[in-house]
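The values are calculated or read from the model by the stated rules, or taken from the named source; none is laboratory data. On a predicted model such as this, the values are computed, not experimentally measured, just so you know. Cβ placement follows ideal geometry from the backbone for every residue including glycine, while neighbour counts extend to all protein chains displayed.
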Amino acid sequence: MDRCIVLVDAGYLLGAAASLLAGEPSRSRITVDHSALIQGLRERAESDTQQPLLRIYWFDGAPDRVPQPEHRRLRVMPRVTVRLGALTRSDGRWAQKGVDAAMHAELTELARNRACSDIVLVTGDGDLLPGMMAAKEHGVAVHLWAVQAADGDYNQSEDLVAEADERRVLDRTWITRAVRARELGGVCAPPPAPRPEIAAILSAPLPESAIPATAPERPAEEPQHPAPTAAQNGSQERLPAPKGVPTPKDLAELRAGAHPAQPPATATLRWSSDKGWVDRPGGAAEPPEVAAMPTLAQLTTAEQRWADREEDITTVGGDPYEVGQVFARRWISRLGDQGQLQRLSGMYPRVPHRIDGELLRYAARFGLLTHKDDQIDEHDRYAIRAGFWREIDVRTAAEHAPAGE
């Protein structure tokens, strides 16, 4: 039939683009506008083949074949079909499994069924050579596209290049319409507004005794050097020694220990209530008004849940800071009692236990996991909560702004 199909090896396309623009093949070094990229592939394919597009097949790897945020966005785009292989980690590097086999099977099946007159391959893997030869035998014209190599040399199999009917190079100008290199050392989003009580603790020098000695790793639930301290009610608490980069909680405890005159309330500063650590004076539970704060799930109707899911798929990019903002924005907009918002703001930086757990579970939908024990990376957790607090700050500041501003 007189139409064209594009088969994209995403690992090759984005890895080669990263090498060209950022100097290394890591996809984390680039940002991709997938809508612009798909539109560019469609326009180029129709121009080169002089045939209308039937479909773009996007082949990529994903941990446990679970679609990542970019895959969810791609698969709802018109004329795009996503095929996922496995993504496994070996010797500290990620490797795709099953992607080449899936491309080979799709290529030969499309040609055998005469589903198109032209097939565009965006790949560099020589394993697709038999599939290319089979497609040609079925009367299909095979167009091979390459991404401009960073060193000016080939980044494709020479046998694949030799067998193709038509060849094209996607140069830097074409690539940069949809792909950008990330700035080194840049931050994904601005930090939350500074709070004087936090700044005072973070600026306090650490006592020399706070530097941890090298010790065997233990589970995160257990402190490496537990030291009991007397709580106000006479019970004993176990406070963990700082591990690596201190958290706000660690710094608060160190500050309180180095300056006994400091009010005990400063030891309540922390980012979350995970791991079950009790850091409130006397080990008291959360105040009733805090524990009673509704979760987002309780505030969300079935219709809103459907709309949220659509927004997550089509517009939320999956950046940790952005995820925290989206969650907070929804929670605030559906909160009937705005007095609860004020109480929450006064708890900065500790997120109430129920809301914090729901926030992290929401973030996990976007693939923000280290793929080791299903834990969210520490840096991502800080970014998620920073985005959450920034949105809370923006709303509370707007409510207190004088009329007319």
Task: Qualifying position, being under 30 Å from Arg65 (Cα atoms), modelled with pLDDT under 75 and of a type outside the set (Asp, Glu), among Gly404, Gly357, Gly317 - done: Gly317
Open item on the list: I need a count of the residues in segment 43-81 that are assigned to a helix (DSSP H, G or I) and among the polar types (S, T, N, Q).
Closed with: 2
Task: Residues located in segment 74-105, provided they are surrounded by 16 or more Cβ atoms within 10 Å (Cβ to Cβ) and modelled with pLDDT under 85 - done: Leu87, Gln96
TODO: Report, ordered by the first and then the second residue, all pairs with beta carbons closer than 6 Å, sequence separation of six or more or different chains, a first member in segment 322-342 that is in the same structural domain as Arg361 (by TED's automatic domain parsing), and a second member that is surrounded by 17 or more Cβ atoms within 10 Å (Cβ to Cβ) and small (Gly, Ala, Ser).
DONE: Val323/Ala363; Gly324/Gly387; Gln325/Gly387
- [ ] All but one of (1) without any contact (Cβ under 8 Å) to a residue 60 or more places away in the chain; (2) over 25 Å from Glu310 (Cβ atoms); (3) hydrophobic (A, V, I, L, M, F, W, C) hold for Ala45, so report the exception by its number.
- [x] (1)
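Okay, residues lined up against (1) of a type in the set (Ser, Thr, Tyr); (2) modelled with pLDDT of 95 or more; (3) in contact with a strand residue (DSSP E or B) (Cβ under 6 Å, 6 or more places away or on another chain); (4) more than 20 Å from Gly40 (Cβ to Cβ):
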site: Asp125; (1), (2), (3), (4): no, no, no, yes
site: Val140; (1), (2), (3), (4): no, yes, yes, yes
site: His143; (1), (2), (3), (4): no, yes, yes, no
site: Ala149; (1), (2), (3), (4): no, no, no, no
site: Ala162; (1), (2), (3), (4): no, no, no, yes
- [ ] Run down Gln68, Gln50 and say which single residue is out of contact with any helix residue (DSSP H, G or I) (no Cβ under 8 Å at 6 or more places or on another chain), among the polar types (S, T, N, Q) and without any contact (Cβ under 8 Å) to a residue 60 or more places away in the chain.
- [x] Gln50
Task: Restricting segment 22-41 to residues that are more than 20 Å from the chain's Cα centre (by Cα) and surrounded by 19 or more Cβ atoms within 10 Å (Cβ to Cβ), the residue that is nearest to Cys116 (Cα to Cα) - done: Leu41
Task: Output for segment 98-133, where each listed residue is charged (D, E, K, R) and on the phi > 0 side of the Ramachandran plot - done: Arg114
Open item on the list: Would you confirm whether or not segment 277-286 contains a residue that is modelled with pLDDT under 80 and among the β-branched types (Val, Ile, Thr)?
Closed with: yes
Task: Matching residues, segment 137-146, being crowded, with 16+ Cβ neighbours inside 10 Å and more than 35 Å from the chain's Cα centre (by Cα) - done: Val140, Ala141, Val142
Open item on the list: Criterion first (in contact (Cβ under 8 Å) with a residue 40 or more places away in the chain, among the charged types (D, E, K, R) and within 14 Å of Ala386 (Cβ to Cβ)) does Asp312 satisfy it?
Closed with: no
TODO: Check whether at least one residue in segment 121-128 is surrounded by fewer than 20 Cβ atoms within 10 Å (Cβ to Cβ) and among the hydroxyl-bearing types (Ser, Thr, Tyr), and report yes or no.
DONE: no
TODO: Determine the pairs where a residue that is closer than 21 Å to Gly85 by Cα, located within segment 9-34, has a partner that is of a type in the set (Asp, Glu) and assigned to a helix (DSSP H, G or I) with Cβ atoms under 8 Å apart, the partner being 6 or more residues away or on another chain.
DONE: Asp9/Asp100; Val32/Glu70; His34/Glu70
- [ ] Please name all residue pairs, on different chains or six or more residues apart, with Cβ atoms under 6 Å, provided the first residue is in segment 113-126 and is touching a residue at least 60 places away in the same chain (Cβ under 8 Å) and the second residue is of a type in the set (Asp, Glu).
- [x] Ser117/Asp2; Thr123/Asp9; Asp125/Asp100
